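The values are calculated or read from the model by the stated rules, or taken from the named source; none is laboratory data. All of these numbers come straight from a predicted model, not from anything done at the bench. FYI the Cβ positions are ideal-geometry reconstructions off the backbone, even for glycines, and counts take in every protein chain you see. The area values use the complete protein model at the heavy-atom level, side chains included, leaving out ligands, DNA and RNA. Shrake-Rupley method; radii C 1.70, N 1.55, O 1.52, S 1.80 Å.
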Amino acid sequence: MPADHGPDSASTTIMARTPAPDRPDARTALLDRTGTAVLAATLVPSPDPHGCTAELDAVLAAPEARAGGPGLRALLLRQSLVARVLLAAEPTAPTTPDPAVEAQLDELLDLVAQHGLSLFGAEAQMLRARRALLAGDEEAALSAVSTGLAHFEEPILVDHAPTVAEHRHNVSCSRRLAVSTLVSLGLHDLADTLADDSEASSGHAPGAYDRVRLGVSWGLRLERAGRPGDDRLADALAVAADLAPVASPAQRPLLLAAEVLARPGRGPAATAQERDRARRDAAALGGDGVVPSQHDRLLVELARSRALECAGDEDGAVAVLAERRACPPRGEPSLMLSVTRELARLRTRVATSGSARRAAEAALGNYVADLEAEVWALHRARALSLRTGLAHDRLRREHGQVTALAMADPLTGLPNRRALDRHLMEVLGRRGVAGPVTPPAVAMIDVDRFKQINDTASHARGDEVLRGVATALRSSLRGLDLVARYGGDEFVVVLPETAVADAAAALGRARAAVRALPAPHGCAVTLSVGVVAARIGEGPAEVLARADAAMYAAKRAGGDAVGTPDAPAAGASPRRPR
């Protein structure tokens, strides 16, 4: 499971998120810290595993990490979980479950459920699949993957990102996590389909390094099953050749492995020149450098063994794989089968000679062919089971998808006017029969000078402002409060059983959070807010009309304020909004 090691053209995989330049300072600092820690955790071997987890724990415990809203909290939890799952795959890591992984995964799933963070829901399932692989439970991993893939088919993937650019980056990261998980399960065809779908839906091709890993791993899987894998290895080699000039040091071993494994033939090379080249390749692949994942380390070691065999050092080739077989990484069952098969083939060559060797090789070959035929059939059955489960999940979701689309605002992911009316009917209906309880508070919110933002910045920047306002409102209020987009630049908040004074205070904090958003072309983003208490017998139209009047009173008073019918607007803007 990989991590970012630089710009997209040379990225290894996306596990650590790179901060956008327009993020607020506190957010940027938190993501910088987690990004650095995750990058260190992804390297194999990791230079400081305990330091990585300690830094991630410190970030999650920071007040800013809890005050930054559910989207940021979920992103930080995701980063910490990725690092811990990666480190747990080390052969020397403890085999007992990490309590921190369980606790953080539970918290992430709670955030997904409470705030509708569907994008992080997909990632949580992929992390559950990784955790199951670490425990050797491939069936549980398949079940989690099926659920995660179904999330990606939702029409709106919600992550509360403050900008469109960050949202797109987050979606790309999530899909790459899913691709790498499918590769570790040996489901290369599904990984390839998901990668192609990602490119078609977002316009962003998967990273070149990801394509090399997928192609090499897939080629070896087909080769192991006695099926043609040369085309996949050749495709990986072509991508590796294009990537080589800009590759990072951590990426170079796999690029060389792609070249070695794509060469035809087994056994010692026929010419001295070829044997010399193989010796140089084996030496380069056997250095003390780091690689981005356990999967990559296995691919590099398989290539090194193949190079040693080509150079005539069959004992050395056996030693490389025997050492790995004795100390395997966790969570890579499919690729470890390739290691075992290659080791058996090499040991047969080393242990016998002449006609006896040929007989032993033939017997081993027949056995392996029969065994692989059964394994391949099981592999296809698992893939079919996953596809069937995904299809059932898709049908289940489609029953509710039309309703979800009709109830969601596509720009912000908030409930829309129809969903608001339904919710208000329910809340006001409860008010009519619930007896002497505090009535719900209803707020109408308008973005001041929004037309000026559209005219001076751009409509695209205006859309980012609306997304930022939506995120700030959701992050500043309680999980049980409904935040809906009413239309245009207007929002409505319904706060159940909340006194008007308390609601005004909460919305004042939300107003301050919005004011802290980046100012497009120097035009600060501010809100005019009107808050009222619902009355017994009122319908949605009546209570919204009163909230609208209170909002316009705040706007006439100068904007950037929260107004109630019985109190002057709190907060003031130096200029009258238009």
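Take V494 and tell me if it is of a type in the set (V, I, T) and either under 33 Å from the mean Cα position of the chain (by Cα) or open to solvent by 10 Å² or more (accessible area, probe 1.4 Å) (or both). Spelling it out, V494 is indeed of a type in the set (V, I, T) and either under 33 Å from the mean Cα position of the chain (by Cα) or open to solvent by 10 Å² or more (accessible area, probe 1.4 Å) (or both).
Scanning the stretch 445-475 for residues that are touching a residue at least 40 places away in the same chain (Cβ under 8 Å), closer than 22 Å to A553 by Cβ and either of a type in the set (F, W, Y) or crowded, with 18+ Cβ neighbours inside 10 Å (or both) yields a count of 7. Can you confirm whether the stretch 255-271 contains a residue that is part of a helix (DSSP H, G or I), out of contact with any Pro (no Cβ under 7 Å at 6 or more places or on another chain) and free of Cβ contacts under 8 Å to residues at least 12 places away in the same chain? No, the stretch 255-271 contains no residue that is part of a helix (DSSP H, G or I), out of contact with any Pro (no Cβ under 7 Å at 6 or more places or on another chain) and free of Cβ contacts under 8 Å to residues at least 12 places away in the same chain. Of the residues L77, L87, L30, the single one that is open to solvent by less than 60 Å² (accessible area, probe 1.4 Å), modelled with pLDDT of 90 or more, farther than 28 Å from R211 by Cα and within 19 Å of the chain's Cα centre (by Cα) is L30.
Look at (1) in contact with a Cys (Cβ under 8 Å, 6 or more places away or on another chain); (2) part of a loop (DSSP other than H, G, I, E, B) and you find that A250 fails only one, number (1).
With the requirement that a residue be in a helix (DSSP H, G or I) and surrounded by 19 or more Cβ atoms within 10 Å (Cβ to Cβ), what does the stretch 224-238 give you?
Within the stretch 224-238, the first condition is being in a helix (DSSP H, G or I), and the residues that meet it are 224, 230-238.
Within the stretch 224-238, R224, R232, L233, D235, A236, L237 qualify.
If you filter the stretch 551-567 down to residues that are assigned to a helix (DSSP H, G or I) and open to solvent by 10 Å² or more (accessible area, probe 1.4 Å), you find that the one that is nearest to A419 (Cα to Cα) is Y552.
Across the stretch 476-491, a minimum of one residue is classified as farther than 17 Å from L424 by Cβ, assigned to a helix (DSSP H, G or I) and open to solvent by 20 Å² or more (accessible area, probe 1.4 Å). For the stretch 302-325, state whether one or more residues are out of contact with any Gly (no Cβ under 7 Å at 6 or more places or on another chain), surrounded by fewer than 18 Cβ atoms within 10 Å (Cβ to Cβ) and closer than 24 Å to T42 by Cα. So far as the stretch 302-325 goes, yes, one or more of its residues are out of contact with any Gly (no Cβ under 7 Å at 6 or more places or on another chain), surrounded by fewer than 18 Cβ atoms within 10 Å (Cβ to Cβ) and closer than 24 Å to T42 by Cα. Checking the structure you have, find out if any residue of the stretch 300-321 is under 30 Å from the mean Cα position of the chain (by Cα) and not in a helix (DSSP H, G or I). No - not one qualifying residue is present in the stretch 300-321. If a residue must be assigned to a helix (DSSP H, G or I) and either surrounded by fewer than 20 Cβ atoms within 10 Å (Cβ to Cβ) or free of Cβ contacts under 8 Å to residues at least 60 places away in the same chain (or both), how many such residues does the stretch 143-166 contain? Count: 8. Just a yes or no: is a residue in the stretch 133-141 open to solvent by 10 Å² or more (accessible area, probe 1.4 Å), in contact (Cβ under 8 Å) with a residue 40 or more places away in the chain and within 30 Å of G468 (Cα to Cα)? No: the stretch 133-141 contains no residue that is open to solvent by 10 Å² or more (accessible area, probe 1.4 Å), in contact (Cβ under 8 Å) with a residue 40 or more places away in the chain and within 30 Å of G468 (Cα to Cα).
Is the stretch 527-535 home to any residue that is of a type in the set (S, T, Y) and modelled with pLDDT under 90? Give the steps one after another, and end with the answer.
Of the residues in the stretch 527-535, the ones of a type in the set (S, T, Y) are 528.
Still in the running and modelled with pLDDT under 90: none.
Within the stretch 527-535, not a single residue is of a type in the set (S, T, Y) and modelled with pLDDT under 90.
Return yes when T18 is modelled with pLDDT of 90 or more, among the hydroxyl-bearing types (S, T, Y) and open to solvent by 10 Å² or more (accessible area, probe 1.4 Å) and no when it is not. Explain how you work it out, then say what you get.
Numbers: modelled with pLDDT of 90 or more: no; among the hydroxyl-bearing types (S, T, Y): yes; open to solvent by 10 Å² or more (accessible area, probe 1.4 Å): yes.
No, not satisfied.
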